Amino acid sequence: MAFANPNISDIVATTIQNRSGKIADNVTDNNALLKVLSKRGNVRPFSGGNVILQELSFAENGNVGYYSGYDLLPVAAQDVISAAEYSIKQAASPVVISGLEELQNSGKEQIIDLLEGRIQVAEASLANLLANGVYSDGTGSGGKQITGLNAAVPVAPATGVYGGIDRATFAFWRSQIDNDAAAATPSTIQGIFNALYASQCRGSDYPDLIVLDSVTWATFMASLQANQRFQDADTADLGFPTVRFMGSNVVLDGGIGGNCPANTAFFLNTKYLFWRPHSKRNMVPLSPSKRYSVNQDAEVQIIAFAGNLTCSGAQFQGRWDGN
């Protein structure tokens, strides 16, 4: 039975809607950091507001101390909790079908097959866009880009405002940096990594994910002995080239389509990093209604995302910059 073309928009929308969970998963699977955040449970949708608030602790409780017997205990109010503010960033990938294609694919199943191919391309394009945005400083596309690692873990961590907090004023909001201009070699990179790793440790807090570009990855791999190249079952299923350094997964995000900046290593404590999509705009159709071109025989449905990458502990993040 022929499919009624006027109802094609319902198929376009519902096909995207039915795939929205898969599309969201594909976005996180396309980036090592987002995949780790997903496994950790740090993909935290938010439901509204004009900004994304990420709660954080910025000071110790000043009432803490020793006492004996009937000593009076201090109970002064303590202001130790605040929040960083992040803008809501938006991204979209349109799926277009023309009137001629509707006629050429007149059966329902044929139209769905056509849409599946187009949606796969659209979701891959959107996944790549957001994966690249994870490394940005938020200024790309006129300030519309994701506020990524170049903002959270910058080369100059003592300057600028991040998450609404001035790094020049608040030392607790500064990430760690090693920007030795000398290029790392197989004989020096282990020492560089040891020092940066140690600078980020506080008790049980330590980097659990190290992301490298292709050049730094090759140098690091050359520094390893054959019996040190191993993965365990948990790290192997990340889906990325992975080895271990101390207690951290070391991941390559370089090569074809790699997004990590050249000559860079990010030492990340993912406990304090979050992927915050809007609960109503996480890879879903922008509108289920029909979207027809005014002057063309074509229809568009848009896969849309709104959210940002946030941080609640900048001091636990680190970066080696060899540029």
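One residue stands out in the stretch 309-323 among those that are part of a strand (DSSP E or B) and not basic (Lys, Arg): the one that is surrounded by the fewest Cβ atoms within 10 Å (Cβ to Cβ), namely 321.
Residues that are surrounded by fewer than 22 Cβ atoms within 10 Å (Cβ to Cβ), touching a helix residue (DSSP H, G or I) at 6+ places or on another chain (Cβ under 9 Å) and among the aliphatic types (A, V, I, L, M) within the stretch 137-165 comprise 158, 165, listed in sequence order. Filtering the stretch 166-189 to residues that are modelled with pLDDT of 90 or more and surrounded by 14 or more Cβ atoms within 10 Å (Cβ to Cβ) leaves 167, 173, 174, 175, 176, 177, 178, 188, 189. Checking each residue in the stretch 46-68 for being modelled with pLDDT of 70 or more, exposed (fewer than 14 other Cβ atoms within 10 Å of the Cβ) and assigned to a loop (DSSP other than H, G, I, E, B) picks out 47, 48, 49, 50, 68.
Rundown of residues vs (1) without any contact (Cβ under 8 Å) to a residue 12 or more places away in the chain; (2) assigned to a helix (DSSP H, G or I); (3) within 20 Å of residue 310 (Cα to Cα), yes/no style:
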residue	(1), (2), (3)
136	no, no, yes
157	no, no, yes
186	no, no, no
191	yes, yes, no
207	no, no, yes
210	no, no, yes
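For the criterion of being surrounded by fewer than 23 Cβ atoms within 10 Å (Cβ to Cβ), out of contact with any Cys (no Cβ under 9 Å at 6 or more places or on another chain), over 25 Å from residue 135 (Cβ atoms) and at pLDDT 80 or above, residue 280 passes.
Looking across the stretch 190-209 at every residue that is touching a strand residue (DSSP E or B) at 6+ places or on another chain (Cβ under 8 Å) and farther than 27 Å from residue 52 by Cα, the one that is surrounded by the most Cβ atoms within 10 Å (Cβ to Cβ) is identified as 193.
The values are calculated or read from the model by the stated rules, or taken from the named source; none is laboratory data. None of these values were measured; they are calculated from a predicted model. Positions of Cβ are backbone-derived with ideal geometry, glycine not excepted, and every protein chain shown enters the neighbour counts.
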